[in-house]
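Visitor: Let me begin by handing over the structure; questions about it come next.
Quick note: the coordinates plus some simple rules give every number you see, no bench work behind them. Owing to the predicted nature of the structure, the values given are computational and were not obtained by experimental measurement. Reconstructed Cβ throughout: ideal geometry from the backbone, glycine too, with neighbour counts over all protein chains shown.
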Amino acid sequence: MLRRTSACALAAAAAAALSLAGGLPAASASTTTAPADAAPAAEAATTITYNADQATEYEAEIAAGVQVWNDSVANVQIEEAAPGQRAEITIIATDGWPQATLGPVRPGGSARVEMGSQAVDEGHDVTRIAAHELGHSLGLPDIKPGPCSSLMSGSTAGTSCTNAVPNSAERSRVEQNYGTGALGQVPAAGTMVVDGP
Ligand SMILES: [Zn+2]
């Protein structure tokens, strides 16, 4: 009983201290608002997951393509889904032409990327194919024909083109697609974009 009382007394003292502390910080509110002001820059990126279990032969190139995007933009990041976890982007290997669902795919959404061997057999760079198709998932349309410096120019840049990095316009469009502006609210197009001849 005594113990209980003293515990109560301690609690009351603690509450009083908290209440005192609660009154004072109002004056030092500026110290707490500083991080809040800085928050937009450190805004949490949208995270999209992928599963490439059905494209194991392209595992390294897909991982490289994902890394390119993660290094190129801040508003969205792509992570491999944990085993058993549902993925927004399902990547599979096919015998056809590469193709992908036009996004921007959002958390809980669904997009498909097909790593078609026809383009690989023609000699197109596999990491560029992976990054290009992921670009579709992030809401970028094809920009064809175009130069090698453009990721979304795809096969029109020729088989000698190994650039897998989006140019500034492409990066900026993806940032907008996952930003807080109007484009950031646009639902995924959901249509398939086929990168065939
Ligand atoms: Zn394409």
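Visitor: Taking the residues in the range 95-124 that are of a type in the set (D, E, K, R) and surrounded by fewer than 21 Cβ atoms within 10 Å (Cβ to Cβ) as candidates, determine which candidate is nearest to the chain's Cα centre (by Cα).
Guide: Arg106
Visitor: Restricting to the range 129-150, give me the number of residues that are more than 22 Å from the chain's Cα centre (by Cα) and closer than 17 Å to Pro98 by Cα. Talk me through it step by step, then tell me what you get.
Guide: Initially, the range 129-150 is screened for residues more than 22 Å from the chain's Cα centre (by Cα), giving 144-148.
Pick out the ones that are also closer than 17 Å to Pro98 by Cα and you get 144-145.
Of the residues in that region, 2 qualify.
Visitor: Which residue pairs have Cβ atoms under 7 Å apart, sit 6 or more places apart or on different chains, and have a first residue in the range 61-79 that is among the charged types (D, E, K, R) and a second that is buried (at least 16 other Cβ atoms within 10 Å of the Cβ)?
Guide: Within 7 Å, the pairs are Glu61/Val126; Glu61/Thr127; Glu61/Ala130; Glu79/Thr49.
Visitor: Looking only at the range 68-94, how many residues end up being over 16 Å from the mean Cα position of the chain (by Cα) and closer than 17 Å to Val126 by Cα?
Guide: So in the range 68-94, the residues over 16 Å from the mean Cα position of the chain (by Cα) come out as 83-85, 92-94.
Add one more test, that the residue is closer than 17 Å to Val126 by Cα, and what stays is 92-94.
Counting residues in the range 68-94 that are over 16 Å from the mean Cα position of the chain (by Cα) and closer than 17 Å to Val126 by Cα gives 3.
Visitor: I'm trying to understand the selection: among the residues of the range 125-168, which are among the aliphatic types (A, V, I, L, M) and either closer than 16 Å to Val68 by Cβ or surrounded by 22 or more Cβ atoms within 10 Å (Cβ to Cβ) (or both)?
Guide: Restricting attention to the range 125-168, the residues satisfying the condition of being among the aliphatic types (A, V, I, L, M) are 126, 129-131, 134, 138, 140, 143, 151-152, 157, 164-165.
Once the filter is applied, which keeps residues that are among the aliphatic types (A, V, I, L, M) and either closer than 16 Å to Val68 by Cβ or surrounded by 22 or more Cβ atoms within 10 Å (Cβ to Cβ) (or both), the range 125-168 yields Val126, Ile129, Ala130, Ala131, Leu134, Leu138, Leu140, Leu151, Met152, Ala157, Ala164, Val165.
Visitor: Do you know which of the residues in the range 168-194 that are within 15 Å of the ligand (Cβ to nearest atom) and part of a loop (DSSP other than H, G, I, E, B) is farthest from Ser72 (Cα to Cα)?
Guide: Among residues in the range 168-194 that are within 15 Å of the ligand (Cβ to nearest atom) and part of a loop (DSSP other than H, G, I, E, B), the one farthest from Ser72 (Cα to Cα) is Thr191.
Visitor: Count, please, the residues in the range 99-117 that happen to be within 13 Å of the ligand (Cβ to nearest atom), outside any strand (DSSP E or B) and not aliphatic (A, V, I, L, M).
Guide: Number satisfying all stated conditions: 1.
Visitor: Looking at this structure, is Glu122 in contact with a helix residue (DSSP H, G or I) (Cβ under 9 Å, 6 or more places away or on another chain), charged (D, E, K, R) and under 24 Å from Ala45 (Cα atoms)?
Guide: Numbers: in contact with a helix residue (DSSP H, G or I) (Cβ under 9 Å, 6 or more places away or on another chain): yes; charged (D, E, K, R): yes; under 24 Å from Ala45 (Cα atoms): no.
No, not satisfied.
Visitor: Continuing with the same structure: Would the range 82-97 turn up any residue that is within 16 Å of the ligand (Cβ to nearest atom), touching a residue at least 12 places away in the same chain (Cβ under 8 Å) and in contact with a Pro (Cβ under 9 Å, 6 or more places away or on another chain)?
Guide: yes
Visitor: Looking at the range 126-167 only, could you name the residues that are away from the ligand (no atom under 14 Å from the Cβ) and of a type outside the set (Ser, Thr, Tyr)?
Guide: Val126, Pro147, Cys148, Gly158, Asn163, Val165, Asn167
Visitor: Within the range 150-196, work out how many residues are among the aliphatic types (A, V, I, L, M) and in contact with an Asp or Glu (Cβ under 8 Å, 6 or more places away or on another chain).
Guide: The initial filter retains those residues of the range 150-196 that are among the aliphatic types (A, V, I, L, M), namely 151-152, 157, 164-165, 169, 174, 182-183, 186, 188-189, 192-194.
Those still in the list that are in contact with an Asp or Glu (Cβ under 8 Å, 6 or more places away or on another chain) too: 151-152, 164, 193.
Of the residues in that region, 4 qualify.
Visitor: When you go through (1) within 16 Å of the ligand (Cβ to nearest atom); (2) surrounded by 14 or more Cβ atoms within 10 Å (Cβ to Cβ) one by one for Ser72, which number turns out not to apply?
Guide: (1)
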